[in-house]
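The values are calculated or read from the model by the stated rules, or taken from the named source; none is laboratory data. Just so it is clear, the model here is predicted, and its values are computed rather than measured. With ideal geometry, Cβ positions are generated from the backbone for all residues, glycine too; neighbour counts draw on all protein chains shown.
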Amino acid sequence: MGVRRAVLLGAVAVAMAAPAWNGTPAAKAAPAADVSLDGPSDVLVDGGTVYVVDQRHKAIRRLDLATRRLTAVPTSEPLIGPFKIAMGSDRALIAIDLFRVVRISLDDGRVTTLAGERRLEAEGRRVGALEAIAADPRGGGAFVAGLDSIVRIDGAGRVSHVAGGTGLTGYDPGATSGDGGPAASAGFAFVSDLLADPSGNLYVAQFSDFPGGDRVRRIDAATGVVTTVIGPETAIAGRDGAEADDLADPQHLAWDASGGLVVAERGRILRADLASGGVRVISDRQPSYGSWSGLAIAPDGALIVTDYTLNRVRRIDPRTDRIRSIAGRGPRIHAIEM
């Protein structure tokens with residue numbers, strides 16, 4: 001089982017087991033290298049600011065890339081179990097918070113539940129453990145992935161079915177079935193990340209426990225048809241230009257400044273040129289254990305990743321593949337099931 005999958009399934013247990021957070025964490029800024037993070041499970045970049053989910057502290061941290069100082073995003077109520085975040089079209093954070101999806105205003109810290117409370121349902125079907133989230137650029141809302149399905153939550157909190165829901169698991173070859181047809185009836189399981197483009201087309205990272213099941217797929221916003229963008233037959237070029245191994249355990253998706261799709265997988269980070277179809281390795285860096293727990297792209301093109309095991313935020317220069325820590329003092333290693 002992939003590390004991210006274990007972390008996903010462990011989110012509920014972590015939220016239940018971690019000490020209760022008494023109120024909003026102190027917002028006083030401190031040098032990022034001196035702050036103790038505990039299970040950074042996701043990251044996003046917004047201009048010169050990096051937002052980090054500090055999962056076991058039940059907080060979201062804000063890192064200023066210019067000053068290298070870290071503070072906490074104040075919230076009007078304690079978060080239950082923050083796990084994944086996205087930036088909404090209204091410039092507010094949208095987060096998976098255990099069983100619910102919340103909006104967190106960056107102006108006043110107000111927390112509003114968009115959908116879910118004890119569980120999230122779409123058209124009478126339970127979505128299950130919430131694993132990934134992406135903002136919908138078309139007038140607000142968000143896409144959210146459960147164990148085997150993807151739903152959309154609009155600005156009013158209405159939940160509608162988008163894809164999957166077949167009951168298949170990542171152990172079943174049918175979990176990646178349905179290419180060329182409607183996503184609503186296609187197989188989706190072990191979804192690890194979601195990412196929407198400006199037109200609302202949705203990109204979905206999936207991993208599996210059967211050969212050839214790892215892939216990145218696209219759901220067309222206009223037609224609802226699903227296709228595979230990167231899969232077992234996609235040629236991948238290494239950093240040296242030579243043929244590299246196939247896609248393996250894709251975990252995170254991000255856009256770079258030129259519209260390239262960046263994919264973090266086990267042990268590598270790839271870039272896909274969606275116009276030409278070319279895919280190449282841009283980093284061979286990997287965390288001390290398993291996979292990165294989050295990926296984002298800085299304004300200068302650097303890869304910003306979170307290391308859940310060693311409690312650090314790191315920066316990778318894709319030109320040189322050099323890596324350094326930019327936040328978190330670590331190491332307080334977490335044992336994560338493989």
Answer residue from region 160-170, given it is touching a helix residue (DSSP H, G or I) at 6+ places or on another chain (Cβ under 9 Å) and among the hydroxyl-bearing types (Ser, Thr, Tyr) and is surrounded by the fewest Cβ atoms within 10 Å (Cβ to Cβ) among those = Thr169
When region 177-198 is checked residue by residue, the ones that are part of a loop (DSSP other than H, G, I, E, B), free of Cβ contacts under 8 Å to residues at least 60 places away in the same chain and not charged (D, E, K, R) are Ser177, Gly178, Gly180, Gly181, Ala186, Gly187, Phe188, Ala189
Identity of the residue in region 210-220, buried (at least 17 other Cβ atoms within 10 Å of the Cβ) and either in contact (Cβ under 8 Å) with a residue 40 or more places away in the chain or of a type in the set (Phe, Trp, Tyr) (or both), that ends up farthest from Asp245 (Cα to Cα) | Ile219
Just to be sure, is Gly109 part of a loop (DSSP other than H, G, I, E, B), in contact (Cβ under 8 Å) with a residue 60 or more places away in the chain and farther than 24 Å from Ser291 by Cβ?
-> yes
Of those in region 61-83 that are buried (at least 19 other Cβ atoms within 10 Å of the Cβ) and touching a residue at least 60 places away in the same chain (Cβ under 8 Å), the residue farthest from Leu253 (Cα to Cα) is Leu70
Pick from region 23-78 the residues that are assigned to a loop (DSSP other than H, G, I, E, B) and of a type in the set (A, V, I, L, M, F, W, C): which of them is modelled with the lowest pLDDT?
-> Ala26
For region 258-338, which fully contained strands (runs of 3 or more DSSP E) count at least 1 residues that are modelled with pLDDT of 95 or more and closer than 26 Å to Ala29 by Cβ?
-> 294-297, 303-307, 312-317, 322-327
Hey, any hits in region 125-138 for a residue that's closer than 20 Å to Phe83 by Cβ and among the basic types (Lys, Arg)?
-> yes
Pairs under 8 Å by beta carbon, first residue over 13 Å from Arg217 (Cα atoms) in region 249-261, partner in a loop (DSSP other than H, G, I, E, B) and at pLDDT 95 or above, six or more apart or different chains?
-> Trp255/Asp197; Asp256/Gly301; Ala257/Pro299; Ala257/Gly301; Gly259/Leu274; Gly260/Asp273; Gly260/Leu274
When region 283-321 is checked residue by residue, the ones that are among the acidic types (Asp, Glu) and over 15 Å from Gly267 (Cα atoms) are Asp300, Asp317
Set Ser291, Ser325: member being surrounded by fewer than 24 Cβ atoms within 10 Å (Cβ to Cβ) and among the hydroxyl-bearing types (Ser, Thr, Tyr) | Ser325
Reported set for region 79-101 where residues are within 20 Å of Thr306 (Cβ to Cβ) and either in contact with a Cys (Cβ under 9 Å, 6 or more places away or on another chain) or not in a loop (DSSP other than H, G, I, E, B) (or both) is Pro82, Phe83, Lys84, Ile85, Ala86, Met87, Leu93, Ile94, Ala95, Ile96, Asp97
